[in-house]
Structures are given as C-alpha cells and as structure tokens.
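To start, the structure under review is shown below, and the notes come after it.
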Amino acid sequence: MSRGLLRRSIYKSPAQLRLMRAPGAAAVAALEALAAATRPGVTPLELDAIAEAAIRAAGGAPNFMLEPGYRHTICANVNEHVVHGIPTDRPLEAGDIVALDVGAVIDGWHSDAAITVALPDPARPERTEAVTRLSSVTEQAMWHGIARLATASHLNEIGEAVAAYVRANSDYGILEDYIGHGIGRRMHEDPPVFNVPVGRRGPEVKPGLVVAIEPIISAGGIDTIVEADDWTVTMADGSLSAQWEHSVAVHADGIWVLTAADGGAAGLAQFGITPVPIP
Ligand code: MG
C-alpha cells in the first residue's frame, strides 16, 4: 500500500462539508454574544462563560477544551498579548484591544474563528484611533485572504493577498510564525495557511478544501515571547496586536464562510464576490 493511501485527504466530500455547517453556526452564535458583551468592566472570564453558553445553546461543545491542559472556551488576548491568552478576571478598560478566539465541535466536526474588539477611550482619542485602525486593517487583511481563496488556483495565494493588503495600508508587522490551517475532524489539520508569500504554491484550491484564515498583525515588531504560564504569547516589544479569523469552505458552487452569519456576504461584497451556501 502506498503511503499516500494512509493519509487523510485535505479535501472533504460534499456530505462532510454539510456537517461543518453546524459547528460553524455555533461559532457564529459565540462570536455574536462576545461582540455584544465586550465592553469596559467585563472580564475575559465572564466572556468565556458567555461564549460557552452560546455554543452549548447551539448544540455544540467548546473545542478549545479538547486541547490538553486548557479548560476554557475562548482565548482572550488583550493589548500586547498575541495568542493563547487564558481568560482572566481583570476587567477590560477603555482603550483596550481584545482578540477573542473561539471554536466549537458538533458530531466530531470543528469550527474556529476570532474577532478583535477595539474599545474606544473618549479621554484618549489617539489611543482610540490606534486600536481601531489596527483591528480594522487586520480584519480587512483577513477578508482580502478570504476573497483570494474564491479565485485562487493554489492556497498560498492567500498569504500574498494578506501581506499585500497590510503592506499597502500600514507599516504593521505580520506575525509570520502564526498561521491558519485546515479544519475538519480536528481543529488544526493540514494544510498550513500562510499570511505572507512563502515561495511555493501550496495545495490546489478546489471543492472540499476547508481552511481557517487568521492573520495576526502587530502595531510594532513581529518578535514574541512565551510567558511564565508556558501558554500565553506576548509581543516582545509590548506593541498592540490583533487577530481576525474565519473558517471558510470551498465547494462546487463557490465559497462559504462557515463562521459568518451571512456566509461572508458583507465582507466579500467589496470584491464583487457573493458567497454561496453549501448545498
Ligand atoms: Mg485557528
């Protein structure tokens, strides 16, 4: 038997794509609840409970809890924290920028998504501008990557689109060590989804491909350190960071953003792309 036959294809069947709609919808519910609840005074631990309740109400379970040693529904990365932030009881403050990463599993199929919320500080307009713009550029970088997926012949075109957008619109850093991924029966599968050009084309984009596209962007340098808890990752220079993420399916009739309530219609309209529901 050839080794190839032992490896799971990165391309899902139409029936498998359909099974990924439910965990996607559970992530949508969690993101909507998180977006509505994130404001000064609320704690990341409170947001964690809100996200868990939303996922369970949608018939799912939080899949981050399946990671060994992790007991929470979300990762909450405030200001200079980049990824893997364990929710704390420190209340959010005006001027904070908080990335909220969440995922769900239903019937063994996974979703993964993230939003960043920039909290305005009326007393510090320059801070408000800084956190708002960083989140906006990061979100738009994600949509440029998703839009490229709709027309790409090969997956690594996504990184070209993400990097081109960021470099044309900011002097922000793209955290090259943090990449998106395939998603399906596991939250993290092949193939890697880079946020910068990598000098090779990557796998073919064709029906059945499902990927999490998740640029992480810094307002300063791109070097990071792992904190003493052995989990939380922080910007080495203390600069702010932001993350946006969606799980996106390619199917025979188009693309569909599994973790967006509208399938990505609002974010993709600027590119003239209309997402098509998974049949
Ligand atoms: Mg992810």
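The values are calculated or read from the model by the stated rules, or taken from the named source; none is laboratory data. Keep in mind that this is a model prediction, so the values were computed, not measured. Because the Cβ atoms are built from the backbone with ideal geometry, glycine has one as well, and the counts that use them run over all protein chains shown. Only protein heavy atoms, including side chains, enter the accessible area calculation; ligands, DNA and RNA are left aside. Shrake-Rupley method; radii C 1.70, N 1.55, O 1.52, S 1.80 Å.
So here's what we get for this one:
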| item | result |
| --- | --- |
| Distance in nm between pseudo-label sites at residue 70 and residue 204 (7 Å out along the Cβ direction from Cα) | 3.3 |
| Net charge contributed by nearby residues that have their C-beta within less than 12 Å of residue 81 (K/R +1, D/E -1) | -4 |
| When region 1-89 is reduced to its Cα atoms, the Kirkwood hydrodynamic radius in Å | 15.1 |
| Centroid-to-centroid separation of region 39-57 and region 195-270 [C-alpha atoms, Å] | 22 |
| The chain - convex hull of alpha carbons, volume per residue in Å³ | 136 |
| 5 Å-binned pair-distance histogram of region 183-272 (Cα, whole percent) | 3, 11, 15, 20, 19, 15, 11, 5, 2, 0 |
| Region 112-164 shape via C-alpha gyration tensor axes, a/c threshold 1.5 | prolate |
| Protein accessible area in region 14-271, 1.4 Å probe - carbon and sulfur % | 52 |
| The chain: calculated mean residue ellipticity at 222 nm from DSSP helix runs of at least 4, using -39500 (n - 2.57) | -9500 deg cm²/dmol |
| Overall form of region 171-217 per C-alpha gyration tensor (a/c, 1.5; a/b vs b/c) | oblate |
| Under 15 Å, Cβ to Cβ, from residue 104 - net charge with Lys/Arg +1 and Asp/Glu -1 | -4 |
| By accessible area with a 1.4 Å probe, ligands and nucleic acids excluded, highest first: order of 8, 185, 201 | 201, 8, 185 |
| For the chain: accessible area per residue (Å², 1.4 Å) | 43 |
